[in-house]
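Engineer: Below are the structure tokens for one structure; questions will follow.
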Amino acid sequence: MLVSVVVPCYRSARTLPRLVEDLSHVLPEVTTGFEIVLVVDGSPDDTWQVASELANKYPETRALRLARNYGQHNALIAGVRSARYEVVVTMDDDLQHPADQVPVLLRSLTDDIDLVYGVPKEEEHGVFRSFSSRMVKAAMASTLSVQNAKSISAFRAFRTFLRDGFDGLDGPHASVDVALSWSTTRIAQTTVRMEDRADGKSNYTTWMLVKHALTLITGYSTEPLRLVGYLGFICAVFGIGLFGVIIYKYATGATTVAGFTTIASMVALFSGAQMLALGVLGEYVGRLHSGSMGRPTYVIRERTDVDAHPDITTETD
């Protein structure tokens, strides 16, 4: 089995040397050939310098430098598209995914499985972060119909041919897991050991996870539009019922003048529903506008494997 390990890198100058060294010791024992692809996602520190030095030191290591910070999933797509071998393994750069657990993933990638997620034995994040993560996965399962959404993890192994499902994926809002779910239903999970973050703190805050969930829901699903339709129907039924009550009271003489409370309630209810509907529609129009601008998923500034890609020109600072 030939394996390409793709690692998106951001502020990881201190952890990359150990990660690459560990992978270089572990992978030869379980693969007939491998490569390590380090994708530096516009990191403001000296991560690119460290990645370049590692590429020079270890023949199996390559480094790509993106023109700016595009986000973890965009960086992953850049690395996956650059992968040369039959199986891709993706992992974090902070040593939370130990190199010695990669063989566990590879063993689970049997002939009838195309994609394997490594899930921790116990939650490795704090309460709020873990809760937000579960909410994102629940959103993917309910609105996007992504199979095994609850087991989704950044530590994954899949067959490289699945990246054919990425061909039409462009623009700034990308999700590797949604794209993979378009390509296969032969998905499994396996329990792996996770370690504490070796340096610094996670760049994924609770708010960023919430934004990511909203991006997934509005970018890959029409479910919110359907919910707006349901809301409009409910408001219409309520309005008809309220109108009937007012007419009945007027006909029976129970009331003579419409009260302020009734009018104010109707205005508040229907205006709130209209604003909510406009907000959801505006979000979709914004996504369409953003996509029509032709914003790239990523741009590679430079790479250490130019000799292997003679048609590529690079830009240096």
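The values are calculated or read from the model by the stated rules, or taken from the named source; none is laboratory data. For clarity, every value in this text was computed on a predicted model and none was experimentally measured. Note that each Cβ is placed from the backbone with ideal geometry, even for glycine, and that neighbours are counted across all protein chains shown. Quick note on the areas: whole protein, heavy atoms, side chains included, nothing else; ligands and nucleic acids left out. Shrake-Rupley method; radii C 1.70, N 1.55, O 1.52, S 1.80 Å.
Engineer: When you look at THR191, is it surrounded by fewer than 16 Cβ atoms within 10 Å (Cβ to Cβ), at pLDDT 90 or above and of a type in the set (Val, Ile, Thr), yes or no?
Structural biologist: yes
Engineer: Moving on. Being touching a residue at least 12 places away in the same chain (Cβ under 8 Å) and touching a strand residue (DSSP E or B) at 6+ places or on another chain (Cβ under 8 Å) is the filter here; which residues of the stretch 11-29 pass it?
Structural biologist: Answer for the stretch 11-29, where residues must be touching a residue at least 12 places away in the same chain (Cβ under 8 Å) and touching a strand residue (DSSP E or B) at 6+ places or on another chain (Cβ under 8 Å): LEU16, LEU19, VAL20, LEU23, SER24, LEU27.
Engineer: Something else about it: State whether the residues of the stretch 166-180 include one that is at pLDDT 65 or above, open to solvent by less than 40 Å² (accessible area, probe 1.4 Å) and over 17 Å from the mean Cα position of the chain (by Cα).
Structural biologist: no
Engineer: Would you list the strands (runs of 3 or more DSSP E) that sit entirely within the stretch 1-113 and hold 2 or more residues that are of a type in the set (Val, Ile, Thr) and surrounded by 17 or more Cβ atoms within 10 Å (Cβ to Cβ)?
Structural biologist: 2-9, 33-40, 87-90
Engineer: Here is a follow-up. Can you find a residue that is in contact with a Ser or Thr (Cβ under 8 Å, 6 or more places away or on another chain) and within 25 Å of ALA179 (Cα to Cα) anywhere in the stretch 44-54?
Structural biologist: Among the residues of the stretch 44-54, not one is in contact with a Ser or Thr (Cβ under 8 Å, 6 or more places away or on another chain) and within 25 Å of ALA179 (Cα to Cα), which makes the answer no.
Engineer: Taking only the stretch 35-86 into account, find how many residues are among the acidic types (Asp, Glu) and more than 26 Å from MET1 (Cβ to Cβ).
Structural biologist: The qualifying residues number 4.
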